[in-house]
1. Just need the relative contact order of the chain here, percent rounded to a whole number, with Cα pairs under 8 Å and 6+ apart.
2. What ³J(HN,Hα) values, in whole Hz, does the Karplus curve 6.51 cos²θ - 1.76 cosθ + 1.60 give for the range 252-262 when θ = phi - 60°, with x put for Gly and Pro?
3. Tally Lys and Arg at +1 and Asp and Glu at -1 over the other residues with C-beta under 12 Å from the C-beta of Asp85: what net charge comes out?
4. Neighbour counts of other C-beta atoms within 10 Å: give me Met165, Met1, Met154 arranged from fewest to most.
5. Over the range 1-129, one equal point on each Cα, no solvent: what is log10 I(q)/I(0) by the Debye formula at q = 0.12, 0.16, 0.21 Å⁻¹?
6. Once you list every other residue whose beta carbon is under 14 Å from the beta carbon of Arg42, what net charge do they have if Lys and Arg are +1 and Asp and Glu are -1?
7. Would you tally the net charge around Arg212, using a Cβ to Cβ cut-off of less than 14 Å, leaving Arg212 out, and scoring K and R as +1, D and E as -1?
8. Using unit Cβ charges (K, R positive; D, E negative) and no other charged atoms, how large, in debye to the nearest 20, is the dipole of the range 1-42 about its Cα centre?
Amino acid sequence: MSLPQKALPPKYFYDAEGSRLFERICRLPEYYPTRAELSLTRAHLGAIARFAGRGGELVEYGSGASLKTRLLIRALRPSAYVPVDIAEEALAGAARRLAREFGWLHIFAVTGDFSQPLRLPVHRARAGRRRIVYFPGSTIGNLTPEEAQAFLRMTRGQVGRAGAMLVGVDLKKDANVLHAAYNDARGVTAAFNLNLLRRINRELGADFDLRRFRHYAFYNPQRGRIEMHLVSLERQSVNLGAYRFEFASGETIHTENSYKYSVEEFSALTALAGFRAERVWRDAQKRFALFGLLAA
Ligand code: SAH
Ligand code: AVI
């Protein structure tokens, strides 16, 4: 917030209300990524399961409601499932629902931040099993390419020589389609973005007036990313703890990037982290891709 371009990391979107709003976004007609990834996963489930192998340990980063994971759990019959998420309530709720649905599955939920080096639990169900890391939803697109590379290097270490990784990636496409997905008619994405200020007010005692900020999202073609901002509608100052921040009229807080990749761009990124993009599955409209990565 003290930088010339004020910015807040997107991982803070996901308090209980933020997680609920994100789930509503996934059901919006304009927000195609969830449906596209679900549809490609259903269409290629046999091949995905053959690639990942059955009976291993399935680790999922940014698991949220673990929606798509149900398909993988049924197909892979993993020995254990390790969902990792920063959103404690959403994670606990998802783990409870999965335990009811898959009584035979060992679940080890980890509340943690994957932008920091992270230690996975050591447990008996893993002994001698292959590890599969699953990172769906294009959450990797919320990292800069440099952060994504560092993250992939960490997971490359976690899967070792014998394991594999499955990553969901949103593909480059018509900017109008992208624009609509992040500017939905019902204003759910706007509420998701503004909820960040509500959370800061509640948890850090700030005094953001939500009526004086507006959601603003656009595609930046040079950087190949959607940018989300909160625009100050007037000149104002905001108190946050011991700090006071001044806003000019029209000044923004940059709250999220959502990078879109071509298959070639993402394959090159994985190579820098010691992976080889062995398989790429896409939905029928080529909007979204699931990459199957092996150690290079
Ligand atoms: N995988 C789900 C949810 C994607 S939303 C899907 O595909 O629909 C992104 C998820 O990543 C949220 O659940 C959020 O809480 C989590 N998340 C975001 N940044 C994180 C971080 N730095 N560490 C851990 N989890 C994070
Ligand atoms: C979680 N992540 C991949 C979403 C995205 O599309 O970047 C978050 C989101 N932001 C606005 N709408 C959805």
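Read the figures in this text as sums done on the coordinates, not as results from a lab. Quantities reported herein were computed from a predicted structural model and do not represent experimental measurements. In this analysis, Cβ positions are derived from the backbone assuming ideal geometry, glycine residues included, and neighbour counts consider all displayed protein chains.
1. On the way: 570 pairs, mean separation 64.4, N = 296.
Normalised by residue count, the contact order of the chain is 22 percent.
2. Karplus-based 3J(HN,Hα) across the range 252-262 equals 10, 9, 7, 9, 6, 10, 10, 6, 10, 10, 8 Hz.
3. For residues surrounding Asp85, the net value is -3.
4. Working: Met165 27, Met1 12, Met154 16.
Ascending number of Cβ neighbours within 10 Å: Met1, Met154, Met165.
5. The Debye formula, applied to the Cα set alone, gives -0.53, -0.91, -1.36.
6. On the way: positive: Arg35, Lys68, Arg70, Arg74, Arg282; negative: Glu37, Asp283.
Value of the local net charge: +3.
7. On the way: positive: Arg198, Arg211, Arg214, Arg235; negative: Asp207, Asp209, Glu234, Glu246, Glu251.
In short, -1.
8. Details: 7 positive and 5 negative charges, 13 e Å.
So the magnitude is around 60 debye.
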